[in-house]
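Data first, discussion second: the structure below is written as structure tokens.
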Amino acid sequence: MRWTLGVMAALALAVPVTAQQAAPADQLDGTPVIDKLDAAALPAGAIHRFWFRAGDSALAQAWYVPVVVVRGAKPGPRLLLTAGIHGDELSGIAVLHRLARELDLKAISGSLVMVPGLNTPGLNNSTRNFTPRGGTGGDNMNRVMPGKDAPGSSLADIYAHNLWHRLMRPNADQMVDLHTQSRGTAYNLYAFVSSPEARAIAEAIAPDTIRLDPGQRGTVENEMVPSGVPAITLELGAPEVWDEAMISRGQQGIARLMAKMGMIDAARAPAATTTPFVANNQVEVRSPHGGWAQLHVRLNDRVTKDQPVATITDAFGRVR
């Protein structure tokens, strides 16, 4: 009987301890975890960091997406900046990190809502696509927006739906989606625009090239624009690197856009040093022969008709 009472007493004592431990705080490494964002409801004059739960993996574990909200001391518009929707496109992430570290909260009107890494499994696997089951295959996250949340929806559709409806679209008055080119290719600082309002965003940023392009549905830019949010896709060079020159130009361009939106004083934004080349057509220059290409021109060089742009050699180095 004494032993039984002792066990019962120990069990009774354990109940409140177990209950306390089983009530987890909505935090991950000290950072709050959220499944919905209302940037306007956050305290002004402060920087806020969150993990956004975008969906669940096949192991019933969450995919967490980093979110930084810079709430200025004064009211104003909301500028949404996203990067890393393709997991091998990195320079845009660095732009957002530096903005978060260096902006002066007292000098900002409105809110800067930044998502420096939309595609968590793609970033984890260093893959362009959304690859929740490993490093191959997967959906292009920039083709499935605004996603779906219905029986039978794919993991990518549900993930995109949560990002779009619970994080991105409700917190944007204007928007820039930062990219780089994909493997094997490099862009200059290049903007895709699909509306006059979007062109004004690009002109404030002052890239090397502005392409007037109706775009493709399912992309962040081309779903934001018809929903009423002026948006552009901004490309910053090559993939899988943090390109210091591109990162600096991207950061300066965003500062000019913030000045245009009235979020910071114009004196705080560096003057543009580039006049964009504006076009509505892109042409690929192809060789009729296979082989190794030695380029004779660089990014942003202007070329004329019949100008040699490359020499093609065969496997032995002989000019073809």
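Just a few scattered comments:
- Folded to 0 to 90 degrees: helix 2-21 orientation relative to the chain principal axis, Cα: 30
- Between Asp306 and His289, full extension at 0.36 nm per residue minus the direct alpha carbon distance yields a gain of 4.4 nm.
- Taking the longest Cα principal axis of the chain as reference, the axis of helix 244-260 is set at about 80 degrees.
- Label-reachable residues, the stretch 53-71, where backbone N falls under 15 Å from a point 7 Å from Asp149's Cα toward its Cβ: 53-56, 63
- Two numbers describe the Cα atoms of the stretch 31-169: Rg and Dmax, which are 15.2, 47 Å.
- Computed [θ] at 222 nm, deg cm²/dmol, the chain (DSSP H ≥ 4; -39,500 (n - 2.57); rounded to nearest 500): -7500 deg cm²/dmol
- Residue ranges 79-85, 52-58 sort as 79-85, 52-58 when ordered by packing (mean number of other C-beta atoms within 10 Å per residue, highest first).
- Share of carbon and sulfur in the accessible heavy-atom surface of the stretch 64-112 [1.4 Å probe, %]: 54
- Nonlocal amide H pairs with Val144, under 5 Å, H built at 1.01 Å: none
- With a cut-off of 13 Å between beta carbons, the residues surrounding Val193 carry a summed charge of -4, where Lys and Arg count +1 and Asp and Glu -1.
- The alpha carbons of the stretch 170-320 occupy a box of 58, 34, 31 Å along the principal axes, longest dimension given first.
- Solvent exposure of the chain as accessible area per residue, Å², 1.4 Å probe: 53
- Alpha carbon Rg of the chain, scaled by the compact-globule rule 2.2 N^0.38 Å: 1.22
- The phi torsions of the stretch 62-75, fed into the Karplus equation with coefficients 6.51, -1.76 and 1.60 and a -60° offset, translate into couplings of 6, 8, 9, 10, x, 9, 10, 10, 9, 9, x, 6, 10, x Hz, rounded to whole numbers, with Gly and Pro shown as x.
- 5 angstrom amide H check on Ala62, placed H, neighbours 5+ away: Ser57
- To the nearest ten degrees, helix 91-102 and the longest principal axis of the Cα atoms of the chain are 60 degrees apart.
- Point-to-point label distance, Gln61-Val278, nm (Cα→Cβ direction, 7 Å offset): 5.0
- Phi angles of the stretch 123-137 translate, via the Karplus equation with coefficients 6.51, -1.76, 1.60 and θ = phi - 60°, into HN-Hα couplings of 5, 5, 9, 6, 10, 5, 8, 7, 10, x, 10, x, x, 10, x Hz per residue; Gly and Pro are given as x.
- The antiparallel fraction among DSSP beta bridges confined to the chain stands at about 50%.
- Residue-level accessible surface for Thr136, protein heavy atoms, 1.4 Å, Å²: 120
The values are calculated or read from the model by the stated rules, or taken from the named source; none is laboratory data. These numbers come from a predicted model, not from an experiment. Neighbour counts run over all protein chains shown; Cβ positions are idealised from the backbone, glycine included. What goes into the accessible areas is simple: the full protein's heavy atoms, side chains included, and nothing from ligands, DNA or RNA. Shrake-Rupley method; radii C 1.70, N 1.55, O 1.52, S 1.80 Å.
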